[in-house]
Each structure stands twice: as structure tokens, then as C-alpha cells.
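Reviewing the structure listed below.
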Amino acid sequence: MDHAAALREVAGVSLVGVCDLDESRRSRAAAELDVAAYGDLGELISGARPEIVVVATQPDARADLIEPIAASEPVRAIVVEKPLALSMAGAEEIVAAADRGGVLLTVGHQLRFTPHFVALQKAIEGGELGTIEFIRALSYGHLLDQGAHLLDAVRALTGGRRVLWAMSQAGADLSPRPDGGGDQAGVPAWTTHHLALEGGIRCTLETGPLHQRSDRFGRGEEEIDDYLDKRLTAAGYERYEISNYAK
């Protein structure tokens, strides 16, 4: 429903149909969105003939859906919810299906387009922070929840550099609220990660309810949802030539 409502706000895009296996959700979508609702993917493709398809299912079911969508004649682009897959093999399968169908494939990492992130990226690209050597990222949501957005943001800030290696650890679920646990994929609620990226850049990542909280969340009179607490800090350096110094 969130994706469908958002699409209706995009200039030049028309919502032509939704698909869900659950009849009650289909009925709700048809009524609230005033759009055709289908219980079968093939019927959606043939009936609505979409050019763009948003796949907002759980990650373990996506690979089987991408193949027929990408092979459909009217489809030109596929937007997939994060995370793309739960394994490297699953991700490669999805990418291969899109390549075979000749369609554009993108993952919904909206953090790249928020004003604060754009400002940070421009500052890095403009050299205002010097040479970046360290990035710290943290979120209340677990690794496959908000952590996926943070990882994408780190790679964007570093020009798409590859992660060379990672060390991770998981802790007990000590969530301050009942919905802070892991999801059905078995992801621990609380994890920390140390990443090494190409070019010598290091990154630490905290994901889960034990992250270092901003003072805007959970304190004071203003009520802000913890899941909105996603933060990035970038540290850089400048080189100075010192010609005269005491030995």
C-alpha cells in the first residue's frame, strides 16, 4: 500500500494495478487506491500491461517473481524492495533474469535521495571533508531492515567501492520495544560490523536496538519513531607538508 500510494504521487507515472495472493489485501487495495487488483501475477501483466513493476514481497520469494516479470513484453523496469536477496546466489539469479529480459533493475534505496544524504555526498565529492578514511553508520532497524540502506549509502559515499572484507558480531535481543527483534529470515536483532573498503577506507556499522541513539529519539517531548533513526558520519583528513621541524 505504501509503494502504491507513493507511485500515485510521482509525476508521469500512473498506477495501473496491484497484485496480492491475499484476497482481503486485494480488496482493500482496490477500494482505497481505486485500481484493478489481481490475485495472479500473470493476470496482472496481461491485464494491466505495466511498464514498471514494483516487487514489494518478502525477500525469500522474489527470485521466482522476477523471472516471469522480466520476460514480459511490456515491462521496461523493475523496482525491488530491499534487501535484494538473502544470499549472493539469489541476488545473482535476480540480476541474471533482468539481464536476460533486457529490463532495468533497481533496488529501493531511497536514502540516496534524502536531502541530508545528498548534502553529505556533495560535501565529500567537493573535497570539503578532505580524503575520506572512515565512515560510521548506525540504525535502530536490524541488518536486513534499515542496515541494507546504510550499506548502500556507504558504497554511494565512497564512489561504489567494493567491500573487501567484513567482521561481524551479533548480540542478544535487548530491544527497548516489542517490535525490535529480528525478522523471519532469522536475522539477529542486534549486530555490529567492521568493513574494509577498497582504497583503505574503513567503516563501522551498528544495526539494532542497542545502537547509539540520537538525542532526538526516545527523549524529550517530541515523539519520533525509532525506525527513522539512521545516521552516517564521515571523517576525512588533509595532508600538510612540514618543512621545518625539530628532529
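When +1 charges are put on Lys and Arg Cβ atoms and -1 charges on Asp and Glu Cβ atoms, the dipole computed for the chain relative to its Cα centre reaches about 960 debye.
On the basis of the beta-carbon distance and an R0 of 35 Å, Arg25 and Ala89 show a calculated FRET efficiency of 0.70.
Taken per residue, the accessible surface of the range 1-80 reaches 60 Å², heavy atoms only and a 1.4 Å probe.
Between the listed residues Tyr240, Ala153, Ser87, the Cα displaced farthest toward the positive end of the dipole of the chain, a dipole computed from Cβ unit charges relative to the Cα centre, is found at Tyr240.
Eigenvalues of the Cα gyration tensor times 5, then square-rooted: what semi-axes does that give for the chain, in whole angstrom, largest first? All intermediate terms of the calculation are to be shown ahead of the outcome.
Numbers: eigenvalues 284, 101, 66 Å².
Over the Cα atoms of the chain, the semi-axes work out to 38, 23, 18 Å.
A crude spin-label estimate for the pair Glu128 and Tyr237, with each label 7 Å from Cα along the Cβ direction, gives 2.3 nm. In plain terms, the bigger the Kirkwood radius, the slower the diffusion; for the range 1-47, with that radius from Cα pairs, at 37 °C and 0.692 mPa s, Stokes-Einstein puts D at 303 µm²/s. Between the listed residues Pro74, Leu120, Leu228, the Cα displaced farthest toward the positive end of the dipole of the chain, a dipole computed from Cβ unit charges relative to the Cα centre, is found at Leu120.
Restricting to bridges with both residues inside the chain, how much of the DSSP beta-bridge set is antiparallel, in percent to the nearest 5? Percentage antiparallel, nearest 5: 60.
By its C-alpha gyration tensor, with a ≥ b ≥ c as the square roots of the eigenvalues, how is the range 18-133 shaped: rounded for a/c under 1.5, else prolate for a/b larger than b/c, else oblate? In terms of gyration-tensor shape, prolate. For the chain, the share of accessible area belonging to carbon and sulfur comes to 50 percent (1.4 Å probe, ligands and nucleic acids excluded).
Near Arg100, once Lys and Arg are set to +1 and Asp and Glu to -1 for all other residues with Cβ below 12 Å from its Cβ, the sum equals -3.
The values are calculated or read from the model by the stated rules, or taken from the named source; none is laboratory data. Predicted model only: the values in this text are computed from it and were never measured. Cβ: placed from backbone, ideal geometry, glycine included. Neighbour counts: every protein chain shown. Heads up: the accessible areas ignore ligands, DNA and RNA and are worked out on the full protein's heavy atoms, side chains in. Shrake-Rupley method; radii C 1.70, N 1.55, O 1.52, S 1.80 Å.
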